[in-house]
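The values are calculated or read from the model by the stated rules, or taken from the named source; none is laboratory data. Note that the structure is a prediction, hence the values are computed from the model and not measured. Cβ coordinates were reconstructed from backbone atoms using ideal geometry, including for glycine residues, and neighbour counts include every protein chain displayed.
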Amino acid sequence: MFSENSYGYQSGGYFTACDYMKSALDSYLQNLLVISSSEPLTPLQLFSAFDVGNASVGVAIYRSSWSRDDNGTNSVSLGRTCSASLSQIGIKGGVLLPLRSTTMLDLALCLRLNRAASEYSNNNSGAPLTASSFSANGYEVSFFGRMFHELSPKVSLVPIVRVEMFYYEPEVSSTPFSNQLFPLPNTFVKREYELGLGLQSRWGRSTSVLGVSIQYISLKNDAANNGGSKYTRTWFDLPKINAGVEFSITSWLIGRAGYFKRFSTQTTYIEPLSPMPPTETAVSIEPGFLPSFGLTAAEQTLSLGIGIIIDRFAFNGYLAEQMIGTGSYLLSGVQQSLFGVVSLSCHF
């Protein structure tokens, strides 16, 4: 639920595409000898769109949550209590605005709040740590814009621009503070910028797209308050390639396929505590597919999708590369390969 906006720092000084909010909470719980948290359950996204004059306006609301309360049972012993929770809530709004007969503008803005929290107490006599709490808010804002300009009735030029920012700084308190059994958490900032150009063509009952873009991602992790180093890792993608096709198999069945590839230069800058000098390394890489980290549709190496339209109802879904090869968790038992998106919509 958090992975698409939560690249984090792992032990050994490495950035990994991971659930950083969950990772920080789990580190806190494990230092208290409490079992780790779980991903938010029953995520729900509701979306709607409607016409306003010549324009179309849409809004989507997302909510997911997970929580656990232990009182002398499960992960804590008698006399101890611990509650933990993870949640995310977000809202996204967009508008599809015709500028003239051959040009359409598509704009979207997304705001999200990630929340991780825990409260711990120990009422046993002589306990070195009697109370502790963990609180973290992750703030995200993203903007996406593109323009559809018809070069001919069957071919459109599509420039795009995308900006995303994510900020996260957890807080830990304990009573007494002198018996704090865990390190202070790190601050973290992520920024993404993308600029690209695509070509969309329509032929018969099918549509195909090909896009090339430049992408820059910056991740900063400050562990100085932990007695550690400051880490910065950047990716510069040139080019980033997207290709896709959608074709009508029958009047009610639609097939889709997509391909994605990044050719990237990765730079890592480490600023350790003095007197050690900072270090910087750069390497050319082709970022691979990481199936267990919930990458978004724009980050799949290969995906296959299907659409079913019956009267006013439409069912759409797609599967990513790893899930295509190994099956879903329900079929294969491989939890890490579970990745897919399905939606049901009604037109009225």
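Which of the residues that make up region 224-282 are among the charged types (D, E, K, R) and either surrounded by 12 or more Cβ atoms within 10 Å (Cβ to Cβ) or part of a loop (DSSP other than H, G, I, E, B) (or both)? Quick ask: steps written out before the conclusion?
Within region 224-282, the subset among the charged types (D, E, K, R) is 230, 233, 237, 240, 246, 256, 261-262, 271, 280.
Within region 224-282, K230, R233, D237, K240, E246, R256, K261, R262, E271 meet the criteria.
Of G126, G58, all but one fail to be over 30 Å from P176 (Cα atoms) and surrounded by fewer than 18 Cβ atoms within 10 Å (Cβ to Cβ); the exception is G58.
For region 86-102, does any single residue satisfy the condition of being assigned to a strand (DSSP E or B) and within 17 Å of L29 (Cβ to Cβ)?
First, pick out the residues of region 86-102 that are assigned to a strand (DSSP E or B): 86-100.
Add one more test, that the residue is within 17 Å of L29 (Cβ to Cβ), and what stays is 86-87.
Checking region 86-102: at least one residue is assigned to a strand (DSSP E or B) and within 17 Å of L29 (Cβ to Cβ).
Any idea which residue in region 19-55 is modelled with the highest pLDDT, counting only those that are hydroxyl-bearing (S, T, Y) and surrounded by fewer than 17 Cβ atoms within 10 Å (Cβ to Cβ)?
Looking only at region 19-55, we keep the residues that are hydroxyl-bearing (S, T, Y), and these are 20, 23, 27-28, 36-38, 42, 48.
Now restrict to residues that are surrounded by fewer than 17 Cβ atoms within 10 Å (Cβ to Cβ): 27, 36, 38, 42, 48.
Details: S27: 77, S36: 78, S38: 73, T42: 59, S48: 90.
Residue satisfying both the conditions and the ranking: S48.
Among the residues that make up region 298-310, is at least one of them at pLDDT below 85, among the acidic types (D, E) and either surrounded by fewer than 14 Cβ atoms within 10 Å (Cβ to Cβ) or closer than 22 Å to S213 by Cβ (or both)? So far as region 298-310 goes, yes, one or more of its residues are at pLDDT below 85, among the acidic types (D, E) and either surrounded by fewer than 14 Cβ atoms within 10 Å (Cβ to Cβ) or closer than 22 Å to S213 by Cβ (or both).
Confirm whether I160 is crowded, with 18+ Cβ neighbours inside 10 Å, aliphatic (A, V, I, L, M) and either at pLDDT 95 or above or more than 30 Å from G79 (Cβ to Cβ) (or both). In short, no.
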